[in-house]
Amino acid sequence: MGIMLIKAKFHLVAAVKKIFYKLVYGKGISFGKNTTFRKNFSLYIEKNARIELGNDCFFNNGCSLNCLEKIKIGDRCIFGEGVKIYDQNHCFKDISRPIKEQGFSSAPVEIGNDCWICSNVTILKGVKIGNHCVIGAGCLIYKDIPDNTIVKNKTGLVLSQRNIAEEN
């Protein structure tokens, strides 16, 4: 019974936040049917930009979408905690000017249907992720991913045994 109350609370809070986002961003945001999110979900949508979220999507705690142009997410996608999606990047070529004054470059981001984007993934501008993809935890996605692909972070763990006798 307790878990049912917690889920009901998350859905209620998400419903209220969706209304807030529609009031703030108007036509700049569209939520598909049954799309929901948990705590600390955030959106930033620049004027004339658009975020389209498909049906039956779920965003776990701490996800953020930052849009200057367009972010489109297909149906039935799930996102782990801390996923960040950016369709822009700072310009920084002119070393005589502060980076914060050089503006941004942008390109649309698109995620297909039935994708699982695991925890702490960052997706950068111009990326297209195909249908039925799994993006492993901690990956930085900076180029297109074809349909039916699993992406894993190749950084391996290095394990070594401590010799406690030598340390004392």
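The values are calculated or read from the model by the stated rules, or taken from the named source; none is laboratory data. None of these values were measured; they are calculated from a predicted model. Ideal geometry is used to build each Cβ from the backbone, glycine not excepted, and the neighbour counts take in all protein chains shown.
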Strands (runs of 3 or more DSSP E) lying entirely in region 59-118 (those with 1 or more residues that are touching a Ser or Thr at 6+ places or on another chain (Cβ under 9 Å)): 64-67, 70-73, 84-86, 88-90
Pair list, Cβ under 7 Å, 6 or more apart: region 37-51 residue within 23 Å of I6 (Cβ to Cβ), other residue at pLDDT 95 or above and assigned to a loop (DSSP other than H, G, I, E, B): F37/C63; R38/N60; R38/N61; K39/N61; N40/N61; N40/G62; F41/C63
Residue that is touching a residue at least 12 places away in the same chain (Cβ under 8 Å), within 15 Å of F41 (Cα to Cα) and either surrounded by 18 or more Cβ atoms within 10 Å (Cβ to Cβ) or over 11 Å from the mean Cα position of the chain (by Cα) (or both), where the choices are I71, I129, I85: I85
Flag for L23 being more than 16 Å from F58 (Cα to Cα) and either part of a helix (DSSP H, G or I) or without any contact (Cβ under 8 Å) to a residue 40 or more places away in the chain (or both): yes
Which numbered condition F37 fails, given (1) modelled with pLDDT under 95; (2) surrounded by fewer than 19 Cβ atoms within 10 Å (Cβ to Cβ); (3) closer than 17 Å to S119 by Cβ: (2)
In region 8-17, residue surrounded by the most Cβ atoms within 10 Å (Cβ to Cβ) [restricted to those that are among the aliphatic types (A, V, I, L, M) and under 19 Å from G54 (Cβ atoms)]: A14
Subset tally (residues that are assigned to a loop (DSSP other than H, G, I, E, B) and of a type outside the set (A, V, I, L, M)) for region 33-58: 14
Condition check for N48: surrounded by fewer than 16 Cβ atoms within 10 Å (Cβ to Cβ), under 14 Å from the mean Cα position of the chain (by Cα) and closer than 20 Å to F20 by Cα: no
Failed item, numbered, when V16 is tested on (1) at pLDDT below 95; (2) under 14 Å from the mean Cα position of the chain (by Cα); (3) of a type outside the set (G, A, S): (2)
Of all residues making up region 26-75, the number that are touching a Leu at 6+ places or on another chain (Cβ under 7 Å), of a type outside the set (S, T, N, Q) and over 25 Å from G138 (Cα atoms): 5
Filter pass, E101 being touching a strand residue (DSSP E or B) at 6+ places or on another chain (Cβ under 7 Å), over 27 Å from K7 (Cβ atoms) and not basic (K, R): no
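Conditions tested, residue by residue: (1) touching a His at 6+ places or on another chain (Cβ under 7 Å); (2) within 23 Å of G82 (Cβ to Cβ); (3) surrounded by 16 or more Cβ atoms within 10 Å (Cβ to Cβ); (4) of a type in the set (D, E, K, R).
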{"residue": "I3", "(1), (2), (3), (4)": "no, yes, no, no"}
{"residue": "I19", "(1), (2), (3), (4)": "no, no, no, no"}
{"residue": "K27", "(1), (2), (3), (4)": "no, no, no, yes"}
{"residue": "F59", "(1), (2), (3), (4)": "no, yes, yes, no"}
Among the residues listed as K70, K47, the single one being modelled with pLDDT under 95 and not polar (S, T, N, Q): K47
